[in-house]
Amino acid sequence: MTKIFETPLYPYQRSPEQDRATPARHPAVVVGAGPIGLAAAIDCALNDIPVVVLDENDKVSWGSRAICFAKRPLEILDRLGCGDPMVVKGVQWRHGKVFFRDRQVYEFDLLPERGHKRPAFINLQQYWFEVFLYERLKALAAEGKPVEIRGGNRVVSVRPHDDHVALDVVTPEGPYSVEAEWLIACDGALSPTRSLLGLDFVGRVFEDNFLIADVIMEVDFPTERWFWFDPPFNPGQSALLHRQPDNLWRIDLQIGWNIDKDKEKQPERVIPRLKAMLGEEVDFELEWVSIYTFQCRRMEKFRHGRVLFAGDAAHQVSPFGARGANSGLQDTDNLVWKLKLVRDGLAPESLLDSYDAERVHGADENLLNSSRSTDFITPKSDVSRLFRDATLDLAARHTFARPLVNSGRLSVPCTYDISPLNGPDEAALPRRTRPGAPAPDAPLGSGWLLDRLGGRFQLLAIGTQAPDSLDVDGVKVETLRVDPNDDPSGALGERFLGTASAALYLMRPDQHVAARWRTYDEAEVRAALSKAIGRS
């Protein structure tokens with residue numbers, strides 16, 4: 001049977017632009033049709049920003065690659081209109097176990113509180129993730145939304161100008177040129193766009209390698225994240241096991257630094273390692289094998305004039321913690337609504353500098369957590385290994401030591417405490433919903449709060465009054481009135497009110513809090529909105 005990642009989804013087709021005497025100019029061009037590029041294009045289309053996606057490939061990614069998708073990115077996908085198929089296909093999980101040598105040290109629960117529509121995590125192969133994004137993009141195009149994807153289009157030159165970016169593109173039928181008012185580079189860790197502009201990463205490359213294997217097998221292991229330190233089947237190293245859909249299992253094995261990568265990927269080297277882990281009696285089939293090196297790096301800036309970098313093109317983290325694709329989706333979630341306001345003349349171009357400030361902050365948070373995880377997983381001295389092993393021994397017997405065990409701090413959404421867009425705060429309200437924070441979900445009657453937020457500025461009025469709408473120099477704000485009694489579970493009140501009886505939140509299009517008060521004051525709201533769109 002043909003594998004899904006062997007089937008062209010968007011094969012090369014000649015564009016009329018290839019016959020033009022002068023380059024066509026597009027409001028937005030996305031380079032890269034991976035998860036982040038497709039998400040950026042969908043968001044542009046939903047915001048009526050005409051967008052063209054260029055990718056030298058015509059298929060989804062080979063192998064599972066990114067597989068763990070956290071609750072916050074799933075909520076972003078709901079806003080983009082493609083969360084349901086991801087969750088239906090994906091394997092939901094929230095529990096994990098940590099092992100040291102031949103014994104279990106402890107287990108954990110990633111979503112101990114109730115009252116959320118989406119699970120803590122799903123496991124879903126990146127190729128399925130890309131298929132569902134592509135199907136959503138195709139559906140938007142069929143509805144007449146201004147979005148197009150061009151496979152077999154490789155960008156070979158990028159020339160920034162004051163009012164556009166010029167691109168040279170190579171296709172199977174020869175080269176042509178195109179122009180973009182704004183270029184969104186989502187072309188991965190090896191980003192040709194970044195290289196063509198002479199830009200690079202800063203950060204750390206860790207001296208260790210991990211073997212990834214996608215294994216097809218029918219076993220009765222529970223749907224949990226299992227992580228081993230110094231297991232008998234991989235002594236002195238570490239290992240990770242995750243279930244994926246379709247009887248596919250993801251196995252990561254630490255294999256050291258001084259290795260021959262090509263040799264280690266050969267079946268005759270991989271299969272004995274897997275048999276040592278799974279047992280000789282387990283039947284399995286190898287689907288995909290790769291080797292990765294831990295890297296925790298980012299660009300110094302994500303905005304370079306009219307070129308905006310997102311996802312792995314902007315930052316790299318080690319895979320333990322599921323911070324790569326998850327943070328990339330938060331990049332585009334942060335970017336596109338700002339681009340919309342700037343294009344419509346409703347916000348100054350400097351608003352896009354807040355994308356750089358907020359998402360560099362998010363990347364630094366991820367890099368810090370990822371670096372700490374890597375240092376714990378792969379100790380580089382006898383002293384650090386002694387500390388690591390002692391911590392694991394203590395964690396088996398004492399709960400106080402368990403937070404010190406770091407098998408990969410799993411992805412959580414970033415709060416933009418440093419944002420220049422944040423407005424007034426009411427300190428008596430819960431800290432988790434302060435300005436800069438992503439709104440947590442909560443039950444709301446027969447539905448969910450986040451299904452009613454996002455895509456525009458809103459006032460969330462909880463137990464208080466506010467006008468139906470407000471227009472601030474062309475930027476419209478809609479009011480969503482909510483009665484705390486609409487949620488008998490009390491989650492809404494706990495997350496947004498605390499001990500207060502009422503609150504008013506100014507919500508950004510990306511479902512982050514811009515400002516909050518106890519009651520409505522029009523002058524205060526107008527000032528906070530102006531700040532949230534970079535006018536002050």
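The values are calculated or read from the model by the stated rules, or taken from the named source; none is laboratory data. Just so we're clear, the structure is a prediction, and the values are computed from it rather than from any experiment. Methodologically, a virtual Cβ is constructed for each residue, glycine included, from the backbone with ideal geometry; neighbour enumeration extends over all protein chains shown. With ligands, DNA and RNA removed, areas are computed over all heavy atoms of the protein, side chains included. Shrake-Rupley method; radii C 1.70, N 1.55, O 1.52, S 1.80 Å.
Where in the range 199-256 are there GluC sites (Glu not before Pro) that are in a DSSP coil and have at most 14 other Cβ atoms within 10 angstrom of their Cβ? Write out the running numbers ahead of the final one.
Working: sites: Glu207, Glu218, Glu224; in loops: Glu218, Glu224.
Passing both the DSSP loop test and the Cβ count: Glu218.
Using a cut-off of 32 Å between Cα atoms, the listed pairs Lys3/Lys338; Lys117/Lys265; Lys3/Lys138; Lys3/Lys71; Lys301/Lys531 include Lys3/Lys338; Lys117/Lys265 as exceeding that distance.
Per residue, the Cα convex hull of the range 324-452 amounts to 184 Å³.
Percent relative contact order of the range 408-494, based on C-alpha pairs within less than 8 angstrom and at least six residues apart? Please list the in-between numbers first.
On the way: 95 pairs, mean separation 20.1, N = 87.
Taking the mean separation of contacting Cα pairs over the length of the range 408-494, I get 23 percent.
In percent, what relative contact order does the chain have, based on Cα pairs under 8 Å that are 6 or more apart in sequence? Write out the running numbers ahead of the final one.
Working: 1157 pairs, mean separation 77.0, N = 536.
RCO, the chain: 14 percent.
Taken about its Cα centre, the range 268-409 carries a charge dipole of roughly 420 debye when the Cβ of each Lys and Arg holds +1 and the Cβ of each Asp and Glu holds -1.
Counting only protein heavy atoms and a 1.4 Å probe, the range 301-375 has 25 square angstrom of accessible area per residue. Distance from the C-alpha centroid of the range 223-286 to that of the range 178-197: 35 Å, rounded to the whole angstrom. Counting only protein heavy atoms and a probe of 1.4 Å, the accessible surface of the chain is 49% carbon and sulfur.
Considering helices alone, the calculated mean residue ellipticity of the chain at 222 nm is -8500 deg cm²/dmol, with DSSP H runs of length four and up weighted by -39500 (n - 2.57) and normalised per residue. Across the range 400-514, the volume of the C-alpha convex hull divided among the residues equals 150 Å³ per residue.
Taking the range 223-271, which chymotrypsin sites (Phe, Trp or Tyr not before Pro) meet the DSSP loop condition and have no more than 14 other C-beta atoms within 10 Å? Intermediate results must be reported in sequence, preceding the final value.
Working: sites: Trp226, Phe227, Trp228, Phe229, Phe233, Trp249, Trp257; in loops: Phe233, Trp257.
Hits after loop and neighbour filter: Trp257.
Here the range 200-323 yields Rg over Rh of 1.04, to two decimals, using C-alpha coordinates and the Kirkwood radius.
Using the Cα centre of the range 349-505 as the reference point, and only Cβ charges (+1 on K/R, -1 on D/E), how large is the resulting charge dipole? Debye, rounded to the nearest 20. Could the numbers behind the result be given before it?
Numbers: 16 positive and 23 negative charges, 164 e Å.
Computed about the Cα centre, the dipole is about 780 debye.
In the range 125-210 the Cα-Cα distances spread across 10 Å bins starting at 0 as 13, 32, 36, 16, 3 percent of all pairs.
Tell me which trypsin sites (Lys or Arg not before Pro) from the range 78-140 have a DSSP coil assignment and no more than 12 other beta carbons within 10 Å of their own. Don't jump to the answer; show the numbers that get you there.
Numbers: sites: Arg79, Lys89, Arg94, Lys97, Arg101, Arg103, Arg114, Lys117, Arg136, Lys138; in loops: Arg94, Arg101, Arg114, Lys117.
Passing sites in the range 78-140 are Arg114.
Ordering His161, Ile122, Tyr134 by the projection of their Cα atoms onto the charge dipole of the range 56-173, which places +1 on the Cβ of Lys and Arg and -1 on the Cβ of Asp and Glu, puts Ile122 at the extreme positive end. Put +1 on the Cβ of each Lys and Arg and -1 on the Cβ of each Asp and Glu in the chain; which of Thr293, Leu367, Ile67 then has its Cα farthest toward the positive end of the dipole? Looking along the dipole axis, the top candidate is Leu367.
Please report, in debye to the nearest 20, how large the charge dipole of the range 14-128 is about its Cα centre when each Lys and Arg carries +1 at its beta carbon and each Asp and Glu carries -1 there.
Details: 16 positive and 14 negative charges, 90 e Å.
The dipole magnitude comes to about 440 debye.
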